[in-house]
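Down below is the structure, laid out as structure tokens.
The values are calculated or read from the model by the stated rules, or taken from the named source; none is laboratory data. Remember, predicted model here, so these are calculated numbers, not experimental data. A quick note on method: Cβ atoms are made from the backbone with ideal geometry, for glycine too, and the neighbour counts reach across all protein chains shown.
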């Protein structure tokens, strides 16, 4: 591990040519040490290897031209705009660079100095011209041919020039790159086609070609992802080996008894998931499994099956959900299915009185309560299970890792099933949930209809949509109206014009939904009022329910087959798919109207993807491509993945290769050999992995 004496932790201010002032600028980029700068990779490159003479230029293709400044001009255009022009003489010909509304460019050039313009030339007024060319200045003491290469371009901050950044980076790479440890033996580097880290760092900062940079980047990304996947593989091995878990077999008799409780036939997808879970619970090793099920695929029934297997074996089981609304939905499903069962059931939420809570805690502690459904109340310090065999955590990404780990910190032999109805992109499955075994259920129950989804962007179409909705309400159906936020308030910037549920509730009663019974729910309401509103909507007393995304998961009202989502462009694709999943759950065709007020192409692409697909897994991948990993599953709220250089969107193939390599090393025991001791230490150092995870299995 690194210590204060480590040269890689040298403050950048002590690097030749940096000093305190430039160090302050670099600190704004979170670059404080030599090591920080070595891993601060170029965002892209200026390719000056394709240098052309004037007669060799081609239209609309990026090329570079070397020349001397022979003329400069500044023009005042209409509407306050300005244009700067710089004319280069290039081997007897001429090329002009032009910049609009950038008057400062005029002062950057001196007569007769040699520069390189790079960009896409076009023929204009009898000569070649490049708009906003990339410029590389060639010093008088430089060989122009040596300067023409692939130049790195870094992210900058105000006051720091690109030429300075390149010079500092080159100084650091030349002086310190050889000090970067490389714990992977040469034979594995050859097997995985990796360059040594120090070579890859040199090549990525100052490559000879774009291909050279890409090959170097692959090596560094592989190292980055390998460390992370090794940490996950070690964690999973630890969970499997640290202590025998109870063997909870689903015998044919138990299986038949549980299935008789379901008033429906399980789908093929549900059966597949149950086989995976039953095999884990009978194995004698602690189950650590993620169940992904698309909206409406019946994951609650799968969870109940697993919990009843635990109860049949004499153990307790619990199900934890992130919101009271979702918890109540699960509880109602449990009560509906187990109404005639002798299984002792208990609901634990923050809504209990002190006396009720004390009684519930006693029943949990003594084992009287066999099956418990609850919110985060389940992980409070005063909750102590007598004989806990299975924990089901629903919508785990809404909790965070620490809540999931709570159940295992005090009870070493618990089986754990993590569930989500938010389909997760494959890359995130292999990282954020990479220590879990994976089961996917994409089957929908028989008779479940696809929801017709329409993007509504004009007033005329909105009127037609509301006419259609009113007709359906008059025939007995119900509608959800979803808004981006709760109430009007002191909002600033981009959120200032977001539609609020309270505003929509007031306005719709006097406009589009006049004469209909309108209710409202949102997360800031008193829980009793919210519960009553949901009960009234479920019973049909309320015809239109205005809400925030509090109804995103867990709400099941089969008669509600209509949904309007205001300002749909403000939601992520996966979230929109979750919301849409609240309708079309009964015998009636579902209709979802996406009201939008944007003409931005990215937002429209997202909404079009939702219009054309009802497959949650396809939508999750589209959302991932359009928004990137930071916004999927709210990962920004729980901290981004601890990766240095990898991009989960761009590097999925490398991720799969690194994951296979990491799990092979761990599962084969090779990682425990002395030759890879430094690699284990690197994993420990980077990810603060508990020491017991890296000890020999």
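Here is a yes/no grid of residues against (1) more than 42 Å from the chain's Cα centre (by Cα); (2) surrounded by fewer than 19 Cβ atoms within 10 Å (Cβ to Cβ):
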residue	(1), (2)
38	no, no
43	no, yes
49	no, yes
53	yes, yes
72	yes, yes
82	yes, yes
85	yes, yes
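Do the conditions hold for residue 348, that is, is it over 15 Å from residue 414 (Cα atoms), in contact with a strand residue (DSSP E or B) (Cβ under 8 Å, 6 or more places away or on another chain) and without any contact (Cβ under 8 Å) to a residue 60 or more places away in the chain? Even if it seems obvious, please write down each step before you answer.
Working: over 15 Å from residue 414 (Cα atoms): yes; in contact with a strand residue (DSSP E or B) (Cβ under 8 Å, 6 or more places away or on another chain): yes; without any contact (Cβ under 8 Å) to a residue 60 or more places away in the chain: yes.
Yes.
Residues that are in a helix (DSSP H, G or I) and loosely packed, with under 15 Cβ neighbours inside 10 Å within the stretch 565-607 comprise 601, 602, 605, listed in sequence order.
Conditions (1) modelled with pLDDT under 90; (2) within 19 Å of residue 163 (Cα to Cα); (3) in contact with a strand residue (DSSP E or B) (Cβ under 8 Å, 6 or more places away or on another chain); (4) surrounded by 16 or more Cβ atoms within 10 Å (Cβ to Cβ), marked per residue:
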site	(1), (2), (3), (4)
88	no, no, yes, yes
92	yes, no, no, no
111	no, no, yes, no
128	no, no, yes, yes
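Applying the criterion of being free of Cβ contacts under 8 Å to residues at least 40 places away in the same chain and surrounded by fewer than 16 Cβ atoms within 10 Å (Cβ to Cβ) to the residues of the stretch 200-244, the residue that is nearest to residue 165 (Cα to Cα) is 214. Scanning the stretch 186-197 for residues that are over 18 Å from residue 39 (Cα atoms) and surrounded by 14 or more Cβ atoms within 10 Å (Cβ to Cβ) turns up 188, 189, 192. For the stretch 151-168, the criterion of being surrounded by fewer than 17 Cβ atoms within 10 Å (Cβ to Cβ), at pLDDT below 90, outside any helix (DSSP H, G or I) and under 30 Å from the mean Cα position of the chain (by Cα) is met by at least one residue. Touching a strand residue (DSSP E or B) at 6+ places or on another chain (Cβ under 9 Å) and closer than 19 Å to residue 152 by Cα - does that describe any residue in the stretch 66-74? There is at least one residue in the stretch 66-74 that is touching a strand residue (DSSP E or B) at 6+ places or on another chain (Cβ under 9 Å) and closer than 19 Å to residue 152 by Cα. Within the stretch 12-19, one or more residues are surrounded by 15 or more Cβ atoms within 10 Å (Cβ to Cβ) and without any contact (Cβ under 8 Å) to a residue 12 or more places away in the chain.
For residue 174, the conditions (1) buried (at least 18 other Cβ atoms within 10 Å of the Cβ); (2) over 23 Å from residue 677 (Cα atoms) are fulfilled apart from (1). Each residue in the stretch 245-258 was checked for being loosely packed, with under 14 Cβ neighbours inside 10 Å and either in contact with a strand residue (DSSP E or B) (Cβ under 7 Å, 6 or more places away or on another chain) or without any contact (Cβ under 8 Å) to a residue 12 or more places away in the chain (or both), and 4 pass.
Every residue, every condition in (1) at pLDDT below 75; (2) within 28 Å of the chain's Cα centre (by Cα), yes or no:
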residue	(1), (2)
372	no, no
394	no, yes
413	no, no
422	yes, yes
438	no, yes
441	no, yes
464	no, no
483	no, yes
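Only one of the numbered conditions (1) farther than 22 Å from residue 454 by Cβ; (2) in a loop (DSSP other than H, G, I, E, B); (3) in contact with a strand residue (DSSP E or B) (Cβ under 7 Å, 6 or more places away or on another chain) is violated by residue 513, and that is (1). Can you confirm whether the stretch 291-312 contains a residue that is farther than 25 Å from residue 615 by Cβ, modelled with pLDDT under 90 and out of contact with any strand residue (DSSP E or B) (no Cβ under 7 Å at 6 or more places or on another chain)? Among the residues of the stretch 291-312, not one is farther than 25 Å from residue 615 by Cβ, modelled with pLDDT under 90 and out of contact with any strand residue (DSSP E or B) (no Cβ under 7 Å at 6 or more places or on another chain), which makes the answer no. Considering the conditions (1) at pLDDT below 90; (2) assigned to a helix (DSSP H, G or I); (3) within 30 Å of residue 30 (Cα to Cα), residue 145 is excluded by exactly one of them, (3). If you scan the stretch 516-547, which residues turn out to be in contact with a strand residue (DSSP E or B) (Cβ under 8 Å, 6 or more places away or on another chain), more than 17 Å from residue 485 (Cα to Cα) and touching a residue at least 40 places away in the same chain (Cβ under 8 Å)? Within the stretch 516-547, 516, 534, 537, 540, 542, 543, 544 meet the criteria.
If we scan the stretch 354-370, do we find a residue that is surrounded by 22 or more Cβ atoms within 10 Å (Cβ to Cβ), outside any helix (DSSP H, G or I) and in contact with a helix residue (DSSP H, G or I) (Cβ under 8 Å, 6 or more places away or on another chain)?
Taking the stretch 354-370 and keeping what is surrounded by 22 or more Cβ atoms within 10 Å (Cβ to Cβ), we get 364, 369-370.
Of the ones still in play, those that are also outside any helix (DSSP H, G or I) are 369-370.
Imposing the further condition that a residue be in contact with a helix residue (DSSP H, G or I) (Cβ under 8 Å, 6 or more places away or on another chain) reduces the set to 369-370.
Yes, because at least one residue in the stretch 354-370 is surrounded by 22 or more Cβ atoms within 10 Å (Cβ to Cβ), outside any helix (DSSP H, G or I) and in contact with a helix residue (DSSP H, G or I) (Cβ under 8 Å, 6 or more places away or on another chain).
Read through the list (1) in the same structural domain as residue 522 (by TED's automatic domain parsing); (2) outside any loop (DSSP other than H, G, I, E, B); (3) surrounded by 23 or more Cβ atoms within 10 Å (Cβ to Cβ); (4) in contact (Cβ under 8 Å) with a residue 60 or more places away in the chain, then give the number of the only condition that residue 550 fails. Here residue 550 meets the rest and fails (3).
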